[in-house]
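Here's the structure we're looking at; comments come further down.
The values are calculated or read from the model by the stated rules, or taken from the named source; none is laboratory data. This is a predicted model, so every value here is computed, not measured. Here the Cβ positions follow ideal geometry from the backbone for every residue, glycine too, while neighbour counts run over all protein chains shown. Each accessible area value is taken on the protein alone, full model and side chains, heavy atoms only, with ligands, DNA and RNA left out. Shrake-Rupley method; radii C 1.70, N 1.55, O 1.52, S 1.80 Å.
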Amino acid sequence: MSTAVSGSTDAVPMASQRRVRDVSRLMPLALLAPGIVVIGLGLVWPIAAMLAVSLQDKFPDATRVTLEHYGTVLSDPYFLRIIGRTFALATVVTVIAALVGYPVAWYLARSNSRWKHLVFLGVIAPLMVSIIVRMIGWTIILGNEGLINAVLRALGAIDEPLRLMQGFWSVVLGLVHILLPFMILSIAAVLGKIDRSYAEAANILGANPVRTFLSVTLPLSVQGIASGSVIVFCISVGVFVTPIMLGRGQVAVLAITIQEQMVVLVDWPTGAAAAMVLTAGTLVVLGLYGMFIRRHARR
Amino acid sequence: MVDQIRGEPVGVELTRVAKSYGAVPAVRGVSLAIEPGEIVSLLGPSGCGKTTTLRIVAGLERPDAGEIRIGRALVNTLPPWKRNIGMVFQSYALFPHMTVAENVAFGLRMRGVAGATMDQEVAAALAQVRLGGFGERRPSELSGGQRQRVALARAIVTRPSVLLLDEPLAALDRQLRESMQIEIREIQRAVGITAIFVTHDQEEALTLSDRVVVMEDGRIVQSGTPAEIYERPRTRFVSDFVGFSNVLDGRVAEGGRELGTVTLTAGRLVPVSLAPDIAPGDEVDVVVRPEKVWVAAAHEAVPTAGHAFPGTITHSVYMGALTYHHVAVEGVGRVVAMVPNVEPATSGTLAVGSAVLVGWRPESALAFRRNDPGARAAS
Ligand SMILES: Nc1ncnc2c1ncn2[C@@H]1O[C@H](COP(=O)(O)OP(=O)(O)OP(=O)(O)O)[C@@H](O)[C@H]1O
Ligand SMILES: [Mg+2]
């Protein structure tokens, strides 16, 4: 832009030329402003406030700045177990969503079937239903009086209802269900853009379908897996409703604990420190993703 | 299984191969035998089924009917990864996540070649396409011509029995294209490989191939040496496709033999060469290539005995090495003659407006029955 202007300088007075350049430089800022405001108010401000609270000995009525709450959160076995469970939950959900989502994404990206649109609708349908409704749906299926237990009992396979509703894995199941669409859409978007001639070239060079997938298609679609995983991981690391509803209080995760610390125990600084640990974990994942993307962009 | 003796070229044979995409027929009964070591080009307009034919040979498409043999083996149901074929795609299809060397090594790795042997063969293939030292680059860091050469190296490094090339030069500029044509030809000879080359550029087909196969509408209309295709096109379509011609319409006056005469609509009787199935009274188009037409100033001696028609130069297009003279010939119409500029064109006697004589040898004027669907379908 500015070179194009200075390319024909002779007739243009210097001052107006500078004005043109200033306007063109301010334009992107003006366009970015609304986004910056939203991000600032919605993200930076709360995190800054939370950080401030976590460093105070008491809240309100702080007397000094201290790291003791971080010490508590990072050394108390109670907190450590919850932190471990939270990140394990998010990791397991992400891996399962990727494994389950990839074939569906493949189908969406590659199939010419006329059922494809129906499958696509099925994939995004969960996004249109509120989380609570979906959780109640799972309760109807998994609960002690729910569908599975009813069927098994009718078949005489069990006498006592199976306790399907309180474990780690029922929460995993619920989260995978909620978050799968993000994974599928991320992967399908990338798969759909991969030219088929790459796989064909690999075939002709002697690679059977399995080797073609492992050495060509999978590496070329890894960006879709990465972005889908980041979305799924970051959402599941902070979940609150699902563990409560499907875990029946047995699956404590960080978000629940933070809420308990703040609202039930009214220990704001410890809750804030736990929240900062959660945020830091998420940022680490985002940072790894950023590094990955930058390395990939060199191609 | 396909003959996998390295360095031993094999033939390819298609027998009545047909393929439709849904209701759209792409290839309708193609039969073609390619000799070991031969380089054959498939030439034809867009959508005539060239790519589909090539993909059937590669195994990327399953034909609806017909047989494909590579060497002596019937390969109809053999998947591409077992056919030992090399292919250069129009888009090159270099793997973007691999370096140049990794791209070239891919086929070797799939064949279990590894370590120092692999490195050596990769280096040799890159040297053959004059890209030694480019191994560590990414395909995105190469020019179009360099990518094309990597694709060629990747295709030949495994010493395939057959090399398939789908318009590999279409994206290159003219100069690069011409030097790549020579390069492909030399590498093909050096490796001694059977090659099928798809193009819709007639000049490329004529320069590059031992044999040209002209396709139209999913069928082969003519197959022959470049000279046969150019000099003795069997149909009007082939004639039009492999170069510009004068077209004069008329009715056959005298036929039954190879040489005959045609009474042009404009009035004159001209000598022509006739296809066997053309009889007196048939409506025909007489096709004469510009370089077969001679022109001489009216007062000069006639170069060949026989037919000479008086006319006037209406227009000349100077092209450097040669000049196209447009001549209005009474009783014939407008005839374009190509004259090599042996003498400086500025001193020529063939100025616009001058009276000239034009003529051609009877065997240079080919008569084709007009709008004859039968002739088009002949194969
Ligand atoms: N995957 C496909 N699905 C449906 N129709 C196809 C497909 N591929 C090719 N066709 C059709 O088959 C016919 C032959 O196509 P093909 O690609 O073989 O032509 P081509 O001779 O290679 O043309 P071009 O010079 O444009 O590359 C065309 O009518 C085309 O529209
Ligand atoms: Mg094509």
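Across all Cα atoms of the stretch A:105-218, the radius of gyration (one decimal) and Dmax (whole number) stand at 20.0, 59 Å. Rounded to two decimals, the Cα-based Rg/Rh of chain B, with Kirkwood Rh, is 1.07.
For the stretch B:8-57, the convex hull drawn through the C-alpha positions has a volume of 72 cubic angstrom per residue.
Interface residues of the stretch A:257-299, defined as those with an accessible-area decrease of at least 50 Å² between the chain by itself and the complete set of protein chains (probe 1.4 Å), are A:ARG299.
A simple spin-label model places the labels of B:GLU186 and A:LEU118 6.0 nm from each other, with each point 7 Å out along Cα-to-Cβ. Remark on the stretch A:181-211: accessible area falls by at least 40 square angstrom from chain-alone to full-complex state for A:SER197, A:TYR198, A:GLU200, A:ALA201, A:ASN203, A:ILE204, A:LEU205, A:GLY206, A:ARG211, probe 1.4 angstrom. Taking a cut-off of 20 Å, what percent of all Cα-Cα pairs in the stretch B:244-378 are separated by more than that? For the stretch B:244-378, the share of Cα pairs beyond 20 Å comes to 45 percent. With everything on Cα atoms, drop me the angle between helix B:144-156 and the longest principal axis of chain B, reported from 0 to 90° to the nearest 10. Tilt relative to chain B: about 60 degrees.
Using R0 = 60 Å, the C-beta based FRET efficiency linking B:VAL352 and B:ARG109 works out to 0.35.
Dividing the Cα radius of gyration of the stretch A:17-81 by its Kirkwood radius returns 1.35 for Rg/Rh. Less than 12 Å from a label point 7 Å out along the Cα-to-Cβ axis of A:ARG110: which backbone N atoms in the stretch B:61-88 qualify, by residue? What the label zone holds, given the 12 Å backbone N cut-off, is no residue at all. Per-residue mean of foreign Cβ neighbours for B:97-107 is 3 (Cβ atoms of other chains, 10 Å radius). Volume per residue of the convex hull around the Cα atoms, evaluated for the protein assembly as shown, comes out as 289 Å³.
Taking a Cβ cut-off of under 14 Å around B:ILE229, the surrounding Lys, Arg, Asp and Glu residues balance to a net charge of -3, with basic ones at +1 and acidic ones at -1.
With a Förster radius of 51 Å applied to the C-beta separation of B:ASP249 and B:GLU67, the computed FRET efficiency comes to 0.75.
Remark: the stretch A:260-299 is approximated by an ellipsoid whose semi-axes, taken from the C-alpha gyration tensor as √(5λ), come to 36, 6, 4 Å, largest first. With one equal scatterer per alpha carbon and no solvent term, the Debye-computed log10 I(q)/I(0) for the stretch A:70-298 at 0.07, 0.09, 0.15 1/Å reads -0.30, -0.49, -1.07. Chains A and B together bury roughly 2000 Å² of accessible surface, counting both sides and using a 1.4 Å probe on protein heavy atoms. The residues of the protein assembly as shown expose, per residue, 49 Å² of accessible area to a 1.4 Å probe.
Protein heavy-atom surface of the stretch B:12-231, 1.4 angstrom probe: 48% of the accessible area is carbon and sulfur, with nucleic acids and ligands not counted.
Find the percent of Cα-Cα distances in the stretch A:230-287 that exceed 16 Å, and round it to a whole number.
46
In chain A, helical runs assigned H by DSSP with n ≥ 4 each contribute -39500 (n - 2.57); averaged across all residues and rounded to the nearest 500, the mean residue ellipticity at 222 nm is -24000 deg cm²/dmol. At a Förster radius of 30 Å, what calculated FRET efficiency corresponds to the Cβ-Cβ distance of A:SER130 and A:VAL44, to the nearest 0.05? Given R0 = 30 Å and the Cβ-Cβ separation, E is 0.55.
In this simple spin-label model, placing a label point 7 Å from the Cα along the Cα-to-Cβ direction at both B:ALA127 and B:VAL342 gives a separation of 4.9 nm. Label-to-label distance, B:HIS97 versus A:LEU286, with points set 7 angstrom from Cα along the beta-carbon direction: 2.6 nm. Summing Lys and Arg as +1 and Asp and Glu as -1 over all other residues whose Cβ lies under 12 Å from the Cβ of B:MET338 gives a net charge of +1. I'd like the carbon and sulfur percentage of the solvent accessible area for the stretch B:244-378, probe radius 1.4 Å, heavy atoms only, ligands and nucleic acids excluded. Carbon and sulfur: 57 percent of the exposed surface of the stretch B:244-378. Once Rg and the Kirkwood radius are both taken over the C-alpha atoms of the stretch B:8-166, their ratio Rg/Rh works out to 1.00.
With the Cα gyration tensor of the stretch B:168-232 giving a ≥ b ≥ c as the square roots of its eigenvalues, does the rule (a/c under 1.5 for rounded; else a/b larger than b/c for prolate; else oblate) give rounded, prolate or oblate? The shape class here is prolate.
Under 19 Å of direct C-alpha separation, and excluding same-chain neighbours fewer than eight residues apart, B:LYS19 reaches these aspartates and glutamates: A:GLU200, B:GLU61, B:ASP64, B:GLU67, B:ASP166, B:GLU216, B:ASP217.
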